[in-house]
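Written below as structure tokens is the structure these notes are about.
Read-outs: derived from the displayed coordinates by stated rules, not from any lab. Quick caveat: nothing in here was measured; it's all calculated off a predicted structure. Glycine also receives a Cβ, built like all others from the backbone with ideal geometry; neighbour counts cover every protein chain displayed.
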Amino acid sequence: MFTKTNILITALLISAVFIPHTNWSQNENVRLVFAEDVVNSDVHKNTTVAKGHVEFKHGNTRLFCDSALYFQDSNIVNAYGDVQINQGDTVNLFCDSLIFNGNTNKSKLLSNVRFRDSEYFMLTDLLDYDGNKSIGAYKNHANISSINSDLKLTSVKGYYYSTSKTFYFKDSVHIQDPKYELFADTLEFRTNNSSAHFHGPTTILFDSSTVECNRGIYFSKEERVQLWNGATLNEPGRSFYADSLLFNQKTDLGEGFCNVVMYDTTEQVKFMSDYLLKKPQNEELILKDNARVFQYSEKDTLYLSGDTITYQQDTLTNTKLSIIENNVAIINGDNFIRCDSAYFSEADSILKLHKNPIIWNGDMQLFADSVFTTYYDGEFHKMFMYQNAMLISARENDSVHYDQMKGKFMTALLDSSKIKQIRIEQNAQSLYYPEETKTDSAGVEFKTLKGMDRKECSEIIFRFLDGEIQKISFIDNPTSVFYPIDQIPPKELFFKGFLWKIEQKPESPFPE
């Protein structure tokens, strides 16, 4: 006989493909509500046939089909034609036919399989369900759409874990939503909080930005992503890469961790660090831990580095402000700078250097208590050195005889990143080693130092050509003393405050 119990078991297992698994008893009675004809099969031994608007019921679950076979010896039930399962008011499952094995608690839904609950609708051609693990699986494409929104999803393979209400998609995963579009190789979608978990190469397209990653989570209701194993955020004029990335689409707030690189194609600026905080509308960027900035131009690249770099943009005036703190290094052309804090305002083109600033230009080292420089059109033009200003010029293979200049204030004029003129004001002093040319016995010319010329006056102007002093002007009654090279007193070799710190000169980040 075709028993009611086995028909209802089939109905419950099929509906469990998409609803949390419910404990049931195989001995629970099943009631045949209606069938136009119930007979024993003439073809299959111990098999019952039900035909014509077949309906079974168990609890709040109903199974409808055109006909059904129950193979009593193998405990297998087949249902055919307009198969439909209703689970209360929330679950509706349709297919053309199904096979259920009561011994293994596994079902196979065949042809035009459709599922609907209160949230999602799915369409596929073949669905396997393991009732022991509460897992449904398809291997030949499926289309899933949200009933309450415009979300649509397709993939080649997929699983549904009914207990946790979680989809797991594999191969050519594609999500379409009014807020975003997603392409992935592997995706886990948790319906309880509408979160998408990526487990392979993934691309997310937003209205004005694109996210590419290898692993991560997108919380669609909150419109935020958490990405790792390498992630890139592309938006108009900017790209943002990090090993790990957090981005909130609603607030436009982003954070990058480890190997962070942001490139602004509009401004030709590259930001690099191990941590970056991007504030809304890019009004402020904060870089920490190995922070570096490259400002590209047609002439020379400006390189900035420090423990922390804050980059601000005034959206009203469209001007930029950069603040660099601790262990500052700046490189532009022939200029290499060290200090402990720096401040650059695009509005007035002034770069301010504080806390023991030192500048190297060719063989020269300049330093003062504080330094202001003008920077525009991709290069430095003037340097203003305040309080205890000093210039030291080194000679190759000579660690004793340094040309030295000092005063209260010093101004340097530059052209194509090279110092062309130095003006020293108030208590101006110079210590200079004039050279003379000699010829050896073989007729080879060489230069040698004649002695040391030391002068003091109110103002001194030095003019340079290719790093060499070409002319010196002493203003207002200079006093002078000259020592032959072999008669220089050791205490006269260095001005007070002399410090040669070539070991602190920043290393160039640019390839040779």
Could you derive backbone 3J(HN,Hα) for the range 196-202 from the dihedral phi with the Karplus parameters 6.51, -1.76 and 1.60 (θ = phi - 60°), listing whole Hz in sequence and x where the residue is Gly or Pro?
10, 10, 8, 10, x, x, 9
Using label points projected 7 Å from each Cα along Cα→Cβ, tell me how many nm separate residue 413 and residue 250, to one decimal.
5.9 nm
Work out how much length residue 355 to residue 487 would gain on full extension: take 0.36 nm times their residue separation and subtract the Cα-Cα distance, in nm to one decimal.
43.8 nm
Which value results when the Cα radius of gyration for the range 265-404 is divided by 2.2 N^0.38 Å?
1.11
D (Stokes-Einstein, µm²/s), Kirkwood Cα radius, the range 98-219, 1.002 mPa s at 20 °C
144 µm²/s
Given 11 as the ceiling on other Cβ atoms within 10 Å, longest exposed-site-free region of the chain for trypsin sites (Lys or Arg not before Pro) in DSSP loops
251-495
May I ask you to list the GluC sites (Glu not before Pro) in the range 369-472 that are in a DSSP loop and have at most 12 other Cβ atoms within 10 Å of their Cβ?
396
For residue 74 and residue 177 in one chain, what is 0.36 nm times their gap in residues minus the Cα-Cα distance, to one decimal in nm?
32.5 nm
Using the Cα atoms of the chain to build a convex hull, what is its mean projected area in square nanometres?
36.5 nm²
So what's the angle, to the nearest 10 degrees on a 0 to 90 scale, between helix 4-15 and the longest Cα principal axis of the chain?
20 degrees
In percent, how large is the relative contact order of the chain, given Cα pairs closer than 8 Å and 6 or more residues apart?
5 percent
For the chain, the charge dipole (Cβ of Lys, Arg +1; Cβ of Asp, Glu -1; about the Cα centre) points to a positive end, and the Cα of 305, 370, 351 closest to that extreme belongs to 305
Can you bin every Cα-Cα distance in the range 282-494 into 10 Å intervals starting at zero and give me the percent of pairs per bin, rounded to whole numbers?
8, 30, 30, 18, 10, 3, 1, 0
With N set to the number of residues, divide the alpha-carbon radius of gyration of the range 151-248 by 2.2 N^0.38 Å and report two decimals.
1.02
Determine the relative contact order of the range 282-494: mean sequence separation of Cα pairs under 8 Å and six or more apart, normalised by residue count, in whole percent.
11 percent
Calculate the dipole size of the range 282-494 relative to its Cα centre from +1 charges on Lys and Arg beta carbons and -1 charges on Asp and Glu beta carbons; express the result in debye to the nearest 20.
400 debye
Work from the charge dipole of the range 371-461 (Cβ charges, +1 for Lys and Arg, -1 for Asp and Glu, about the Cα centre) and give the residue of 414, 399, 384 farthest towards its positive end.
384
Among 231, 162, 242, whose Cα lies farthest out toward the positive end of the dipole of the chain, if unit charges sit on the beta carbon of Lys, Arg (+1) and Asp, Glu (-1)?
162
Compute the distance in nm between two label points, each set 7 Å from the Cα along the Cα-to-Cβ direction, one at residue 297 and one at residue 274.
3.2 nm
So how strong a dipole does the range 134-188 carry about its Cα centre when Lys and Arg Cβ are +1 and Asp and Glu Cβ are -1, to the nearest 20 debye?
200 debye
For the range 382-470, size of Cβ-based charge dipole, Lys and Arg +1, Asp and Glu -1, in debye:
380 debye
What FRET efficiency, computed as 1/(1 + (r/R0)^6) with R0 = 25 Å and r the Cβ-Cβ distance, is obtained for residue 208 and residue 314, rounded to the nearest 0.05?
0.70
Once residue 376 and residue 504 are pulled to full extension, the length gained, defined as 0.36 nm per residue separation minus their Cα-Cα distance, is 43.5 nm
Once the Cα atoms of the range 350-466 are picked out, what are the Rg and Dmax in Å?
16.0, 54
Taking residue 455 as the anchor, which aspartates and glutamates have their alpha carbon closer than 15 Å to its alpha carbon, excluding any fewer than eight residues away along the same chain?
403, 425, 476, 492
For the pair residue 397 and residue 261, what calculated FRET efficiency results from E = 1/(1 + (r/R0)^6), where r is the Cβ-Cβ distance and R0 = 51 Å, to the nearest 0.05?
0.80
